[in-house]
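All remarks here apply to the structure that follows.
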Amino acid sequence: MKKFMLDLIVKKNETLNNQYSLLILTSPEKLPEMLPGQFVEVRVDNSPSTFLRRPISINYVDYEKNELWLLIQIVGDGTRKMCELKEGEVLNLLIPLGNSFSLPENKAAKLLLVGGGVGIAPLLFMGSYLKERGYSCSFLLGGRSKDNLLQLCEFERFGDVYTTTEDGSHGERGFVTQHSLLNGSNFDLIYTCGPTPMMKAVASYATKTGTNCEVSLENTMACGIGSCLCCVTDTTEGHLCVCTEGPVFNITKLKWQI
Amino acid sequence: MANLNINIGKLQLKNPVLTASGTFGYGTEYSDFMDISRIGGIIVKGTTLRDRQGNPYPRMAETPSGMLNAVGLQNKGVDYFIENIYPTVKDVDTNIIVNVSGSTIEDYIITAEKLNDLDRIPGIELNISCPNVKEGGMAFGTSCISAAEVVKRVRRAYKNDLMVKLSPNVTDISEIARAVEAEGADSVSLINTLLGMAIDSEKRRPILSTITGGLSGPAVKPIALRMVWQVAQAVKIPVIGLGGIMNAADAIEFILAGASGIQIGTANFIDPTVSIKVIDGINDYLDRHGFKSITDIIGALE
């Protein structure tokens, strides 16, 4: 897919809570085609401590409204500056980057999308993409407390939503991998994105149950286009760039100790 | 429109802007964003005799106005380059220069010999300054004796342009520059990265898997500029300046300090099209100041 460097315009910056914002971007031009699982590299201006671009998952794309959604968690000054952007301001992006989640051949496949924290971001786009193509899927979303469970109403548009929180403030208490949904249900394919310990626990569940599983990694990166070789992960094919060979990997390709 | 053509050693460049090794892949990664043939030269990723997996992740740490890397020369080896990558880059209308590194002098020689007969590779950049490998690399570039030895031996084996990339992690970079000039280097490029370190205080751990890594970006520019100025006065061969160049003004500073050409490295990560902007910016500068040619401002510090 052809990559672009684009200046997109902030259409809306919605503060979800004190940690997260939803940035809705648009352009006078038609947005390029994007696939679920792909990401963008955002240049952060006016943040002296932010030298490199920030890789951000594509949260959702609305081609009719020509909107690109980015879900931002405030981690440092760069993401804080992104969350402070005002309507009409411009954001420079490299777009779209990386590979995408794969689609099963069988439309009746039982699909589960497991997300944690800000890692739910690409799963919303994947859910919409699956529904548009006649698949049905379930979402299992986890967070420390209900404040970390985001966009639940959006997810409900595309499938059943199950939740866990560590403090029991929403859904079942515990981690996503402790949810009762996973007892006895057989899924054909699990897609997951979130903190590494969570993804490893999901990968471990998938391995034990013989379920096909794709994970979306978020290694620190510089260029985002495969030239600096900083973001590599160890795979059965050696060190591969997460930015170009990923961010989505089948767990059978990763050398994870699980 | 000023004349940007410049000859550096045996290289004929359409402009003095090159992209630095390890920051621009093989060039083709950037062709979605721009016409890469406009660049004066593309120095491709560090190439070694055999396949190297490089260092474990994490290999990068963002630092104030810069970054540390410890990639460790990950590449698939010179034979893979010749068979699989060369055919994809040979028709790009610019100078494709291969950065060559090795663990032993023999590695350097054999790798250079293998590149000798590629029609569209007009030169190599001899990397005797990589700080991120256990054997070879910077070890060759931090003493005059070993730097001279590797250049002497590669010079005998390699007929085309031989640019030697120098390490700033030395007491006197001019001495090293003079040593490699005496053994037949066609030009010197400087600086490679400065050895640095980053720590995560919350975890009480180094950020890089290798503990130390190479610092690049605008943070190193004043040091790079000073070294280019010193080396330009110490040698007669051309000097190629690099280290933290982010825009045309930075590039011109290096040229005024005595560089005949410049390389853009880390800036490619922030703006993939920066090299084109630097070329256009140099042209604007020459026009604005009434210079006819880039050669008019090399070392023209008043």
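The values are calculated or read from the model by the stated rules, or taken from the named source; none is laboratory data. Owing to the predicted nature of the structure, the values given are computational and were not obtained by experimental measurement. Cβ coordinates were reconstructed from backbone atoms using ideal geometry, including for glycine residues, and neighbour counts include every protein chain displayed.
Quick notes on this structure:
- The combined condition, being touching a Phe, Trp or Tyr at 6+ places or on another chain (Cβ under 7 Å), within 12 Å of chain A (Cβ to nearest Cβ) and touching a residue at least 24 places away in the same chain (Cβ under 8 Å), is fulfilled by B:LYS45.
- Of the residues in region B:208-221, at least one is free of Cβ contacts under 8 Å to residues at least 60 places away in the same chain and under 17 Å from the mean Cα position of the chain (by Cα).
- Just so you know, in region B:9-33 the residues that are within 11 Å of chain A (Cβ to nearest Cβ) and in contact with a Pro (Cβ under 7 Å, 6 or more places away or on another chain) include one that is surrounded by the fewest Cβ atoms within 10 Å (Cβ to Cβ), and it is B:PHE33.
Yes or no, residue by residue, for (1) away from chain A (no Cβ under 13 Å); (2) farther than 29 Å from B:ARG205 by Cα; (3) modelled with pLDDT of 95 or more:
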position: B:GLN53; (1), (2), (3): no, no, yes
position: B:MET67; (1), (2), (3): no, no, yes
position: B:LYS76; (1), (2), (3): no, yes, yes
position: B:GLU83; (1), (2), (3): yes, yes, yes
position: B:TYR86; (1), (2), (3): yes, yes, yes
position: B:VAL98; (1), (2), (3): yes, yes, yes
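- Any hit, region A:67-83, residues being in contact (Cβ under 8 Å) with a residue 40 or more places away in the chain, closer than 27 Å to A:PRO197 by Cα and of a type in the set (Val, Ile, Thr): yes
- The set of residues in region A:21-45 being more than 14 Å from the chain's Cα centre (by Cα) and within 14 Å of chain B (Cβ to nearest Cβ) consists of A:PRO32, A:GLU33, A:VAL42, A:ARG43, A:VAL44, A:ASP45.
- Test for B:LYS292: is it within 13 Å of chain A (Cβ to nearest Cβ) and either of a type in the set (D, E, K, R) or surrounded by 24 or more Cβ atoms within 10 Å (Cβ to Cβ) (or both): no
- Residue within region A:75-82 that is part of a loop (DSSP other than H, G, I, E, B) and of a type in the set (Lys, Arg) present: no
- Residue check for B:ARG120: surrounded by fewer than 19 Cβ atoms within 10 Å (Cβ to Cβ), at pLDDT 95 or above, touching a helix residue (DSSP H, G or I) at 6+ places or on another chain (Cβ under 6 Å) and among the basic types (Lys, Arg): no
- Of all residues making up region B:271-283, the number that are surrounded by fewer than 22 Cβ atoms within 10 Å (Cβ to Cβ) and either in contact with a Cys (Cβ under 9 Å, 6 or more places away or on another chain) or more than 12 Å from chain A (Cβ to nearest Cβ) (or both): 4
- Unique match (being buried (at least 23 other Cβ atoms within 10 Å of the Cβ), hydrophobic (A, V, I, L, M, F, W, C) and on the phi < 0 side of the Ramachandran plot) among A:LEU85, A:LEU94, A:LEU152, A:LEU103: A:LEU94
- Filtered by the rule that a residue be assigned to a loop (DSSP other than H, G, I, E, B), polar (S, T, N, Q) and out of contact with any Pro (no Cβ under 6 Å at 6 or more places or on another chain), region B:194-218 gives B:SER201, B:THR210.
- Looking only at region A:121-138, and only at residues there that are in contact with a Gly (Cβ under 7 Å, 6 or more places away or on another chain) and either buried (at least 24 other Cβ atoms within 10 Å of the Cβ) or at pLDDT below 95 (or both), the one that is farthest from A:GLY184 (Cα to Cα): A:PRO122
- Only listed residue being modelled with pLDDT under 95 and not polar (S, T, N, Q), chosen from B:MET197, B:MET138: B:MET138
- Those residues of region A:1-20 which are under 11 Å from A:LEU91 (Cβ atoms) and either assigned to a loop (DSSP other than H, G, I, E, B) or within 14 Å of chain B (Cβ to nearest Cβ) (or both), in sequence order: A:LEU6, A:ASP7
- Those strands (runs of 3 or more DSSP E) lying entirely in region A:153-256 with at least 1 residues within 16 Å of the chain's Cα centre (by Cα) and either modelled with pLDDT of 95 or more or more than 25 Å from A:SER128 (Cα to Cα) (or both): A:189-193, A:212-216, A:248-250
- Subset tally (residues that are outside any helix (DSSP H, G or I) and away from chain A (no Cβ under 12 Å)) for region B:221-263: 18
- Only one entry of B:GLY290, B:GLY299 meets the criterion of being part of a loop (DSSP other than H, G, I, E, B), without any contact (Cβ under 8 Å) to a residue 40 or more places away in the chain and over 16 Å from the mean Cα position of the chain (by Cα), and that entry is B:GLY290.
- In the set (1) of a type in the set (S, T, N, Q); (2) within 14 Å of chain B (Cβ to nearest Cβ); (3) touching a strand residue (DSSP E or B) at 6+ places or on another chain (Cβ under 8 Å), the condition left unmet by A:THR163 is number (2).
- Only residues that are among the acidic types (Asp, Glu) and either buried (at least 21 other Cβ atoms within 10 Å of the Cβ) or more than 29 Å from B:ILE96 (Cβ to Cβ) (or both) were counted in region B:177-208, giving 2.
- Considering the conditions (1) of a type outside the set (D, E, K, R); (2) surrounded by fewer than 24 Cβ atoms within 10 Å (Cβ to Cβ); (3) in contact with a Gly (Cβ under 7 Å, 6 or more places away or on another chain), B:LEU68 is excluded by exactly one of them, (2).
- Among the residues listed as B:SER174, B:SER143, B:SER167, the single one being surrounded by fewer than 22 Cβ atoms within 10 Å (Cβ to Cβ), farther than 25 Å from B:THR28 by Cβ and without any contact (Cβ under 8 Å) to a residue 60 or more places away in the chain: B:SER143
- Residues in region A:46-71 that are in a loop (DSSP other than H, G, I, E, B), more than 14 Å from every other protein chain (Cβ to nearest Cβ) and crowded, with 22+ Cβ neighbours inside 10 Å: 2 in all.
- Consider region A:206-222 and keep the residues that are facing chain B (nearest Cβ under 8 Å) and either touching a Lys or Arg at 6+ places or on another chain (Cβ under 7 Å) or without any contact (Cβ under 8 Å) to a residue 60 or more places away in the chain (or both). The one that is surrounded by the most Cβ atoms within 10 Å (Cβ to Cβ) is A:ASN219.
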